[in-house]
Amino acid sequence: MNARHHLALGLLASLAAAGAIAADQPVVGLITKTETNPFFVKMKEGAQRAATLQGAKLLTAAGKADGDNAGQVGAIENMISAGAKAILITPNDSKAIVPAIKKARAQGVMVIALDSPADPVDATDALFATDNFQAGLLIGKYAKAALGGKPAKIATLDLFPGHPVGVSRHNGFLAGFGAADITAKTVGLAKTAEVVCMADSFGDQGKGQTAMENCLQKNPDINLVYTINEPAAAGAYKALKAAGKEKGVMIVSVDGGCAGVRDLKAGVIAATAQQYPLKMAGLGVDAGVVYAKTGKKASGYLDTGVTLISDKPMAGVDSKDSAFGLSACWGK
């Protein structure tokens, strides 16, 4: 056998070995609500980083827009066909996605919900997410301390009816503010005597501004605003500024995106509860790789952490400043 034949056989052997490695490579899928929201962009970044470190192949997909269930169903089917052993998903519709999740699990795929639970929660193998009730609790405690005994007239700019994240944050805020009868198990959006206006913002700046304008018409003496997220907070601030009321009203929020933390630093938001999408997705990929290699499934709920961010700390309420918030934020 001449040298050329040896070389050819060696090349074939190395290609075969590479093929075997590729065949054994764990495949994990990530399906987010959208491709554009900075939160999900950061989540994808965290998943890719973990996949690279673990030597896994990451498949990604997203709904066309918030609420696109059909797109997520199609993505699950495509990922199963592509050999995914684990799928991480942020459900656009927590109930409508359940049949597709059941089909995936019946075929031996582990499914982990990220950020938002399925309905029922146990439709997925596990949930890796922020404790949204705790996020609300932190900003509620902060607002109570910051008002210093002054009577509160509260507007809540919520998400949209029935969404579990919106309910948990809203109820956590009221519990943190002092409502004794509200817990993480309270069903639906609670209301206390201090709440003079409740409106849906859909987590959107423009809708948040309109919601705040409507609340000011109902009660011009509002002095505290809770918002589901920081885009809604930015909208609320615009409405307050247009009405000449921005200096006498405190806004508290949830998310900890970079734009939101910059708004906090500029005095638009008094406090926000920061969550960590990069960590959420990274831990999800790690769990997917463990399952692909060992068959050991993740189960139950994993709290991925939340930190109160404020540049005006209050006694008895643990917080970190905007410098920390900017070092740990997501988005642009």
Quote to one decimal, in nm, the extra length available between residue 45 and residue 65 on full extension: 0.36 nm per residue of separation minus the C-alpha distance between them. 5.3 nm
Cα-Cα over 19 Å: which of 44/95; 191/218; 42/279; 144/207? 44/95; 144/207
Looking at the square roots a ≥ b ≥ c of the eigenvalues of the Cα gyration tensor of the chain, which shape do they give, rounded for a/c under 1.5, prolate if a/b is larger than b/c, or oblate? prolate
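Taking the Cβ of residue 278 as the centre, find all other residues whose Cβ is under 10 Å away and add up their charges (Lys, Arg: +1; Asp, Glu: -1). If you can, show how the numbers build up before the last one.
On the way: positive: 42, 44, 49, 279; negative: 45.
Computed value for this residue: +3.
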With all protein chains in place and a 1.4 Å probe, residue 169 shows an accessible area in Å² (nearest 10) of 10
Quick query: amide H of residue 224 versus all other amide H atoms, modeled in the peptide plane; which residues come in under 5 Å with a sequence gap of 5 or more or a different chain? 153, 155, 250
Under 12 Å Cα to Cα from residue 33, which aspartates and glutamates show up? Leave out anything in the same chain fewer than 8 places away. 66, 68, 93, 115
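Given the pairs 245/312; 153/247; 64/293, which are separated by over 22 angstrom at their Cα positions?
Working: 245/312 20 Å; 153/247 15 Å; 64/293 32 Å.
Table pairs above 22 Å Cα-Cα are 64/293.
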Accessible area in the full protein assembly, largest first, 1.4 Å probe, for 142, 237: 237, 142
Sort 314, 250 by heavy-atom solvent-accessible area, probe 1.4 angstrom, most to least. 314, 250
R0 of 25 Å, Cβ-Cβ distance residue 214-residue 266: FRET efficiency to nearest 0.05: 0.50
Using only the alpha carbons, work out the radius of gyration and Dmax of the range 188-332 in angstrom. 18.0, 61
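Treating only the Cβ of Lys, Arg, Asp and Glu as charged (+1, +1, -1, -1), what charge dipole size does the chain show about its Cα centre? Round to the nearest 20 debye.
Values: 34 positive and 28 negative charges, 77 e Å.
The calculated dipole for the chain is roughly 360 debye.
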Cross-link candidates for residue 150: which aspartates and glutamates have Cα within less than 12 Å, leaving aside residues fewer than 8 places away along the same chain? 194
Please give every one of the aspartates and glutamates within straight-line cross-link reach of residue 332, meaning a C-alpha to C-alpha distance under 14 Å, and leave out same-chain neighbours fewer than 8 residues apart. 45, 230, 255, 263
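Students sometimes get this wrong: rank 44, 103, 33 by accessible area, probe 1.4 Å, all chains present, largest first. List each step's numbers first, then the result.
Working: 44 75, 103 130, 33 20 Å².
Order by accessible area, largest first: 103, 44, 33.
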For Cα pairs less than 8 Å apart in space and 6+ apart in sequence, what is the mean separation divided by the residue count of the chain, i.e. the relative contact order in percent? 19
The simple spin-label model distance between residue 98 and residue 318, using points 7 Å out along Cα→Cβ, in nm, is 3.5
Compare 261, 111, 98 in a GNM of the chain, Cα atoms joined below 10 Å, and give the one with the largest fluctuation. 98
Return the single residue from 310, 81, 168 with maximal mean-square fluctuation; model: Gaussian network over the chain, springs between Cα atoms under 10 Å. 81
The chain accessible area per residue, 1.4 Å probe, protein heavy atoms, integer Å², reads 46
For the range 26-52 and the range 262-316, compute the distance between their C-alpha centroids and round to whole Å. 14
Which one, 65, 242, 199, has the greatest fluctuation when you compute a Gaussian network model over the chain with C-alpha springs under 10 angstrom? 242
What the Cα atoms of the range 85-229 span along the principal axes, largest first and in whole Å, is 57, 30, 20
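What is the local net charge at residue 25, summed over the other residues whose Cβ is closer than 14 Å to its Cβ (Lys, Arg +1; Asp, Glu -1)? Can you show the working numbers first?
Values: positive: 57, 85, 293; negative: 24.
Here the count lands on +2.
The values are calculated or read from the model by the stated rules, or taken from the named source; none is laboratory data. Small disclaimer: the values here were computed from a predicted structure and weren't measured. A quick note on method: Cβ atoms are made from the backbone with ideal geometry, for glycine too, and the neighbour counts reach across all protein chains shown. Please note that ligands, DNA and RNA were not included when accessible areas were found on the heavy atoms of the full protein model with its side chains. Shrake-Rupley method; radii C 1.70, N 1.55, O 1.52, S 1.80 Å.
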